[in-house]
Amino acid sequence: MMEILLGGLGLGLVLALLVRDYRRIEARKREEAGALFGLLEPLMTDVRLKPVDQAGCQSIEGRLGGQFVQIRAVADTLSLRKLPSLWLMITLPGDTGLSATLDMMMRPAGQSSFSNFDLLPDTLARPAGFPEEAVLKSDDAALAPDPGHFRPLLRPFTLGIGKELLATPKGVRMVVQLAEADRARYGVLRQAQFSTEPLRPEWVLPLVDLLADLKDRLRETADRDTETERMTVHG
């Protein structure tokens, strides 16, 4: 009986320690997410801040500058030839009126943890004036929107921080690089540790505005094309 009692006490102690450690880890995750989005959160309404998940992703969503936006920081450690990167994904969900996806990726190099670019079957011609490292793909080249819609958003890509620009029937997204992993730590310990400061509103808001303009243009073009087809059919 004493052995059973002591065993039960030992198991209870182990469980208590596990619960304590779990709560400590979850608290640290919330602090990390709060630190990254701390300057943005006061500017947002209907805000939802999500703790860091098992894959190291941090995210926040809500209305910012009049737009419902999802902002997510994703660590990409799949590339074997480069240092891991921390990517910032800014997404404006909602109907765009598109019938197909248009995806522009800079220097695609195989599978990534944040994009389905490699799964798109059709490669499109790169328009004049687009960065030489840009590759454009679609799930249906015949229905893909005009890549010219992307021109007003090319500056982050010419500056070398833009990674992906995506327009789908369900929304638009831009992916930019926040940081690279510490080279020394990753080289020795293979740990992707990033040094980042809180996201500054004056840096994020212009990107949100650009994406909102893109979404509006796509919607207006789709509505205009639909009206033209209707008039052609009933004209």
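Can you work out which of the residues in segment 133-143 that are among the hydrophobic types (A, V, I, L, M, F, W, C) and part of a loop (DSSP other than H, G, I, E, B) is farthest from VAL175 (Cα to Cα)? Per the criteria, the residue is ALA142.
Please enumerate the residues belonging to segment 121-132 that are of a type outside the set (D, E, K, R) and assigned to a loop (DSSP other than H, G, I, E, B). Passing the criteria: PRO121, ALA125, PRO127, ALA128, GLY129, PHE130, PRO131. Beta carbons closer than 6 Å, at least 6 apart along the sequence or on distinct chains, pair a first residue in segment 101-121 that is touching a residue at least 60 places away in the same chain (Cβ under 8 Å) and over 18 Å from VAL74 (Cα atoms) with a second that is part of a loop (DSSP other than H, G, I, E, B) and not hydrophobic (A, V, I, L, M, F, W, C) for THR101/ASP139; LEU102/PRO145.
The residues listed here are ARG224, ARG219; of these, the one that is out of contact with any Ser or Thr (no Cβ under 7 Å at 6 or more places or on another chain), farther than 30 Å from CYS57 by Cα, among the basic types (Lys, Arg) and modelled with pLDDT of 70 or more is ARG224. So is GLY94 surrounded by fewer than 18 Cβ atoms within 10 Å (Cβ to Cβ) and in contact (Cβ under 8 Å) with a residue 60 or more places away in the chain or not? Against the criterion (surrounded by fewer than 18 Cβ atoms within 10 Å (Cβ to Cβ) and in contact (Cβ under 8 Å) with a residue 60 or more places away in the chain), GLY94 qualifies. Residues in segment 112-152 that are among the charged types (D, E, K, R) and under 17 Å from LEU214 (Cα atoms): ASP146, ARG151. Yes or no: ALA192 modelled with pLDDT under 95, crowded, with 18+ Cβ neighbours inside 10 Å, assigned to a loop (DSSP other than H, G, I, E, B) and of a type in the set (Gly, Ala, Ser)? Yes, satisfied. Within segment 144-171, residues that are in a helix (DSSP H, G or I) and loosely packed, with under 14 Cβ neighbours inside 10 Å have Cβ atoms under 9 Å from residues that are among the basic types (Lys, Arg) and at pLDDT 95 or above in these pairs: PRO152/ARG217, counting only partners at least 6 apart in sequence or on another chain.
The values are calculated or read from the model by the stated rules, or taken from the named source; none is laboratory data. The structure displayed is predicted, hence computed values, not measured ones. All Cβ positions, even for glycine, are placed from backbone atoms using ideal geometry, and neighbour counts span all protein chains on display.
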